[in-house]
Amino acid sequence: MYRSHVLVCGGTGCTSSHSNEIIEKLESEIAAKGLQDEIKVIKTGCFGLCALGPIMIVYPEGCFYSEVKVEDVPEIVEEHLLKGRMVTRLLYEETVQEDTVKSLEQTKFYAKQKRIALRNCGVIDPENIDEYIAHDGYQALEKCLNQLTPDEVIKIVDDSGLRGRGGGGFRTGLKWSFAAKNAADQKYVVCNADEGDPGAFMDRSILEGDPHCIIEAMAICGYAIGATEGYVYVRAEYPIAVKRLQLAIDQAKEYGLLGKNIFDSGFDFDLHIRLGAGAFVCGEETALMTSIEGNRGEPRPRPPFPAVKGLFGKPTNNNNVETYANIPQIILNGAEWFASMGTEKSTGTKVFALGGKITNTGLVEVPMGTTLREVIEDIGGGIPNGKKFKAAQTGGPSGGCIPAHLMDTAIDFDNLTAIGCMMGSGGLIVMDEDNCMVDIAKFFLDFTVDESCGKCSPCRIGTKRMMEMLEKITEGKATLEDLDKLEELALYIKQNSLCGLGQTAPNPVLATLKFFRHEYEAHVVDKVCPAGVCKGLVRYYIDAEKCIGCGMCARACPADAIARTDYIAPGHKLASFAINPEKCVKCGACMDSCKKIQAIYKK
Amino acid sequence: MLKKISKIPFKGTPEQEAQLNALIEENKHDSSMLMHVMQQAQAIYGYLPFEVQVMIAEGMDIPLEKVYGVSTFYAQFSLSPKGKYNISVCLGTACYVKGAQSVLDEISKQLGIAAGECTEDGIFSLEASRCIGACGLAPVMNINDDVYGKLTPDQIAGILAKYKD
Ligand SMILES: Cc1cc2nc3c(=O)[nH]c(=O)nc-3n(C[C@H](O)[C@H](O)[C@H](O)COP(=O)(O)O)c2cc1C
Ligand code: FES
């Protein structure tokens with residue numbers, strides 16, 4: 001028995017800020033003090049509060065240390081682990097109370113969360129199958145194989161109301177029943193871990209923090225639809241997730257939880273990992289399957305749907321990582337339990353990756369129906385630096401933005417679709433007054449232009465044309481007519497593209513046009529970028545009252561655009577300078593040269 | 001996806017070729033392993049020179065046109081060599097809204113190369129990448145395996161100096 005457990009986050013975020021070195025240092029310091037039999041160090045998955053990483057939690061006290069540095073480790077070992085005195089300066093402020101610590105559940109960040117898909121993340125050591133088993137692991141699989149028929153399993157999943165978390169929100173139970181119905185000599189189970197939305201990291205954290213739950217869920221799905229083989233398609237950018245998943249598969253095989261005759265039930269199931277290679281369209285399920293087969297990841301027309309003709313031409317069921325992560329809990333706790341959470345048509349919880357201009361960047365899981373305001377203000381801690389909230393982007397390059405006046409929308413699949421947005425896979429990027437919405441729309445379109453696979457022309461040519469129009473707008477060369485053309489083309493691309501990529505690519509433009517048309521009009525009519533982002537439209541000015549007339553800026557200017565005026569500000573000796581906007585190339589060299597006086601600004 | 005193709009002559013060693021042949025031998029029975037073989041080949045050579053693509057096509061008995069199709073489709077496959085230090089700046093959404101573009105512009109200015117290029121001395125190459133999953137630290141960049149987070153343009157000179165040996 002250990003008297004104390006020290007949990008250190010080993011997710012990608014914290015690893016990037018050196019949590020591995022912290023663990024090494026902890027272990028050597030603990031050994032140096034002879035405490036290795038009393039204190040156990042565990043490397044876990046993501047705790048969620050990535051903004052404060054690297055994170056360390058010491059049990060039984062439940063001390064939450066944030067932004068720990070390698071240099072802090074000797075003090076933690078000496079003071080806390082040896083002498084039993086908490087190192088107050090490193091405690092997460094929210095948890096500090098008079099002379100004890102509050103439990104994490106009481107902090108604002110965790111209080112409104114409900115963790116089902118993330119239940120083991122940050123709790124267990126993902127590289128140790130015994131810890132997963134100690135947390136009810138593989139019990140759901142055992143229950144399915146020995147007590148339930150495949151039809152009963154599908155019925156439980158269907159009754160729970162679980163909908164796909166990969167973006168589409170299709171009913172999972174229904175999807176499984178389609179694949180189950182089609183008889184074939186071989187069927188496949190596929191897990192989509194491509195997580196293409198840039199700025200989303202829910203699936204990665206689940207794979208890193210609780211890989212066994214995906215293995216267990218895929219085996220359950222295999223039993224339900226009659227498949228004996230599965231593939232997990234993971235992004236190549238996620239090396240830690242791939243390594244842990246491979247380790248988990250090896251351990252599960254060793255324990256007989258994958259392979260032949262699992263739990264003596266006569267059911268066989270085997271699992272393989274395939275790596276993506278950086279193509280967004282491969283997140284689309286038909287493209288994903290083409291890619292697993294070793295080809296260019298181009299989508300195929302549907303029908304035939306994967307349930308009929310999927311991977312290697314066989315009936316296939318594909319779900320997202322987070323969808324699978326809910327399955328074992330649904331089997332163990334029952335459909336009613338799951339359906340009691342969330343809203344009527346969107347049951348359960350949803351994981352969001354909070355990013356952008358928000359205080360608590362990280363991973364949160366909330367019941368469906370939570371409002372955007374609660375997520376951003378209560379859990380997320382609001383916008384840093386006293387700035388004002390402008391919009392939140394959901395659904396990444398396929399989604400839309402939610403403006404401030406709709407912040408009280410209860411988040412679920414249907415509500416978001418109703419306001420012209422979409423749930424997406426769970427990336428939630430917050431933007432403040434310093435972000436230009438036209439620039440954001442252009443950013444996403446640039447992404448889709450780059451990622452369009454080129455197979456169909458509405459997407460390949462159309463997105464490129466839209467991009468050109470947006471460039472015109474951000475350079476101040478567009479007319480109001482161009483805005484109408486942009487909208488018309490967007491709708492045309494939506495209706496005529498082959499796959500989901502093209503059908504959704506215009507969404508960011510349409511949503512920003514709907515909610516922030518005034519920003520587009522400012523670019524087009526007034527030729528200004530209100531947020532001061534679009535380079536083509538910013539103008540540099542010299543504040544004549546501040547300018548001391550030293551002439552550094554004029555010397556720095558490569559375009560000869562700065563000249564002395566004949567105005568001498570009160571209290572100054574030399575005449576001030578001014579910028580000729582006709583000649584200015586907007587390089588910013590003048591502003592850099594005036595760092596001391598700060599008389600030059602841009603708007 | 002538009003690809004930059006290298007004109008630098010191919011300089012593979014016999015050891016690398018032996019590794020590649022073993023890899024091909026192990027996987028040639030299954031054409032769906034093509035991407036896996038190409039990923040491993042890139043790990044051996046650091047990039048995927050045309051010559052290597054020819055060896056893979058012949059070894060696995062897959063038309064060269066298909067190998068080339070795959071290598072130009074996926075962003076991960078690089079047809080030109082990288083610098084000794086490959087700098088990859090994340091331009092995912094979370095990093096972008098926090099100013100990653102200005103970080104990329106600053107590096108570009110200091111090294112005198114655009115994204116997708118390599119300095120003439122072969123020391124630095126620069127690329128813009130998609131989300132690497134460390135969005136909590138945005139904006140983020142990698143220099144080989146070192147990760148730098150919460151970046152601002154004025155930190156760049158100091159960071160680059162560490163690599164200019
Ligand atoms: C362009 C495009 C990209 C997609 N990317 C992903 C992705 O990264 N991850 C994912 O799970 N689903 C993605 N999807 C959705 C999948 O096609 C599919 O609907 C989903 O994996 C089904 O799983 P679910 O029912 O569990 O949500 C994408 C769809 C499109 C059109
Ligand atoms: S967007 Fe840069 S790490 Fe995710």
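Bear in mind these aren't lab numbers, they're just calculated from the coordinates by the rules spelled out. Values in this document were obtained by computation on a predicted structure and should not be read as measured data. Here Cβ is always computed from backbone atoms with ideal geometry, including for glycine, and neighbour counts include all displayed protein chains.
Can you list residues from other chains, or at least 5 along the same chain, whose modelled amide H is less than 5 Å from the amide H of A:PHE305?
The list, which skips near neighbours in sequence, is empty: none.
Just tell me how shielded A:273-284 is by partners: mean number of partner chain Cβ atoms within 10 Å of each residue's Cβ, no decimals.
What the average comes to for A:273-284 is 4.
From other protein chains only, count the Cβ atoms within 10 Å of every residue's Cβ in A:8-18, then give the mean.
Per residue, the average neighbour count from other chains is 4.
Taking 1 over the mean of 1/r across every pair of different Cα atoms in segment A:539-602, what Kirkwood radius in Å do you get?
Result for segment A:539-602 stands at 11.4 Å.
Volume per residue, Å³, of the convex hull around the alpha-carbon atoms of the protein assembly as shown?
Each residue corresponds to 190 Å³ of Cα convex hull volume.
Under a Cβ-Cβ cut-off of 12 Å, what is the net charge of the residues other than A:SER398 that fall near it, where Lys and Arg count +1 and Asp and Glu count -1?
Taking every Cβ under 12 Å from that of A:SER398, the sum is -2.
Could you list, bin by bin from short to long, the percent of Cα-Cα pairs of segment A:4-111 in 10 Å steps?
15, 52, 30, 3
How many lysine pairs in segment B:2-90, separated by 8 or more positions in sequence or lying on different chains, have Cα atoms less than 19 Å apart?
So the count of such lysine pairs works out to 10.
Order these peptides, B:12-22, A:426-436, A:235-245, A:77-87, by their mean beta-carbon neighbour count within 10 angstrom, highest first.
A:426-436, A:235-245, A:77-87, B:12-22
Can you divide the C-alpha Rg of segment B:14-73 by 2.2 N^0.38 Å and report the result to two decimal places?
0.97
Name the residue from A:VAL234, A:TYR492, A:SER103 whose Cα lies farthest towards the positive end of the charge dipole of the protein assembly as shown, charges +1 on Cβ of Lys and Arg and -1 on Cβ of Asp and Glu.
Value computed over the given set: A:TYR492.
Provide the per-residue ³J(HN,Hα) series for segment A:8-16, in order, calculated from phi with Karplus coefficients 6.51, -1.76, 1.60 and θ = phi - 60°, each as a whole number of Hz, with x at glycine and proline positions.
For segment A:8-16, the Karplus-derived couplings read 10, 6, x, x, 4, x, 6, 4, 5 Hz, x marking Gly and Pro.
Give me, ordered by chain and number, the residues 5 or more places off A:ILE579 or on other chains with an amide H under 5 Å from its own placed amide H.
A:ILE542
Would you mind giving the mean number of other chain beta-carbons within 10 Å of the Cβ of each residue in B:83-96, as a whole number?
5
Among the lysines, select those whose C-alpha is under 17 Å from the C-alpha of A:LYS33, and discard any that sit fewer than 8 residues away in the same chain.
A:LYS25, A:LYS83
In whole Hz, with x marking every Gly and Pro, tabulate ³J(HN,Hα) for segment B:127-141 from phi via Karplus 6.51 cos²θ - 1.76 cosθ + 1.60, θ = phi - 60°.
Per-residue couplings from phi come out as 8, 9, 10, 8, 2, 9, x, 10, 4, x, 9, 4, x, 10, 9 Hz.
Dipole magnitude of segment B:14-73 about its Cα centre, charges +1 at Lys/Arg Cβ and -1 at Asp/Glu Cβ only, in debye to the nearest 20?
That gives segment B:14-73 a dipole magnitude of about 200 debye.
Would you please put A:122-135, A:195-208 in order of how densely packed they are, using the mean number of other Cβ atoms within 10 angstrom per residue and starting with the highest?
A:195-208, A:122-135
With axes computed from alpha carbons, what is the tilt in degrees of helix B:14-27 against the longest principal axis of chain B, rounded to the nearest 10 within 0 to 90?
That works out to roughly 70 degrees.
Using alpha-carbon pairs under 8 Å, 6+ residues apart, how would you state the relative contact order of segment A:539-602 in percent?
45 percent.
Rank A:LEU363, A:LEU311, A:THR343 by how far each Cα sits towards the positive end of the charge dipole of segment A:245-383 (+1 on Lys, Arg Cβ; -1 on Asp, Glu Cβ) and give me just the farthest.
Checked the options; the winner is A:LEU311.
Provide the gained length on full extension for the span A:PHE170 to A:ASP482, in nm with one decimal, where the gain is 0.36 nm per separating residue minus the Cα-Cα distance.
Residue separation times 0.36 nm, minus the Cα-Cα distance, leaves 108.7 nm.
What is the calculated FRET efficiency for A:GLN246 to A:PHE178, with r their C-beta to C-beta distance and R₀ = 25 Å, to the nearest 0.05?
After rounding to 0.05, the efficiency reads 0.25.
Dipole magnitude of the protein assembly as shown about its Cα centre, charges +1 at Lys/Arg Cβ and -1 at Asp/Glu Cβ only, in debye to the nearest 20?
2220
If R0 is 45 Å, what FRET efficiency do you get for B:SER102 and A:ASN333 from their C-beta distance, rounded to 0.05?
Given R0 = 45 Å and the Cβ-Cβ separation, E is 0.40.
So, counting K/R as plus one and D/E as minus one, what does the shell of residues with Cβ under 13 Å around A:PRO239 add up to?
Surrounding charge for A:PRO239 is +1.
If amide hydrogens are placed 1.01 Å from N in the peptide plane, which non-local residues have theirs closer than 5 Å to the one on A:LYS390?
Long-range HN contacts for A:LYS390: A:MET431, A:ASP432, A:GLU433.
Sort by residue number and name the cysteines in chain B that have no neighbouring cysteine Cβ under 4.7 Å.
B:CYS118, B:CYS131, B:CYS135
Among the lysines in segment A:335-401, how many pairs, 8 or more places apart or on different chains, have alpha carbons under 26 Å apart?
5
I'm a student and want to see the number: the projected area of the Cα convex hull of segment A:97-192, averaged over all directions, in nm².
9.8
When the Cα centres of segment A:531-563 and segment B:34-83 are compared, how far apart do they sit, in Å?
With segment A:531-563 and segment B:34-83 each reduced to a Cα centre, they are spaced 49 Å.
Find out how many positive minus negative residues lie around A:TYR541, taking Lys and Arg as positive, Asp and Glu as negative, among other residues whose Cβ is under 10 Å from that of A:TYR541.
It works out to a net charge of +2.
Quote the relative contact order of segment B:14-73 in percent (integer), defining contacts as alpha-carbon pairs under 8 Å separated by 6+ residues.
Relative contact order of segment B:14-73: 34 percent.
Of B:TYR148, B:GLN40, B:PHE50, whose Cα points farthest to the positive end of the dipole of chain B (charges on the beta-carbon: +1 Lys, Arg; -1 Asp, Glu; origin at the Cα centre)?
Result: B:TYR148.
Under the Kirkwood approximation for Rh and a Cα-based Rg, what ratio Rg/Rh is obtained for chain B?
Over the Cα atoms of chain B, Rg/Rh equals 1.03.
Based on the mean of other beta carbon atoms within 10 Å per residue, what is the order of A:36-42, A:264-270, A:274-280, most packed first?
Most protected by this proxy first, the peptides run A:274-280, A:36-42, A:264-270.
What is the dipole size for chain B, taken about its Cα centre, with +1 at each Lys and Arg Cβ and -1 at each Asp and Glu Cβ, in debye to the nearest 20?
Rounded to the nearest 20 debye, it is 580 debye.
Based on the alpha carbon coordinates of segment B:68-141, what radius of gyration and maximum Cα-Cα distance (Dmax) apply, in Å?
For segment B:68-141, the Cα-based Rg and Dmax read 12.9, 37 Å.
Residue by residue through segment B:54-59, what is 3J(HN,Hα) from phi via Karplus (6.51 cos²θ - 1.76 cosθ + 1.60, θ = phi - 60°)? Round to whole Hz and write x for glycine and proline.
5, 4, 5, 4, 5, x
Which percent of Cα-Cα pairs in segment A:129-339 sits in each 5 Å bin, short to long?
1, 8, 17, 21, 22, 17, 10, 3, 0
Using Cα pairs closer than 8 Å and at least 6 residues apart in sequence, work out the relative contact order for chain A, in percent.
11
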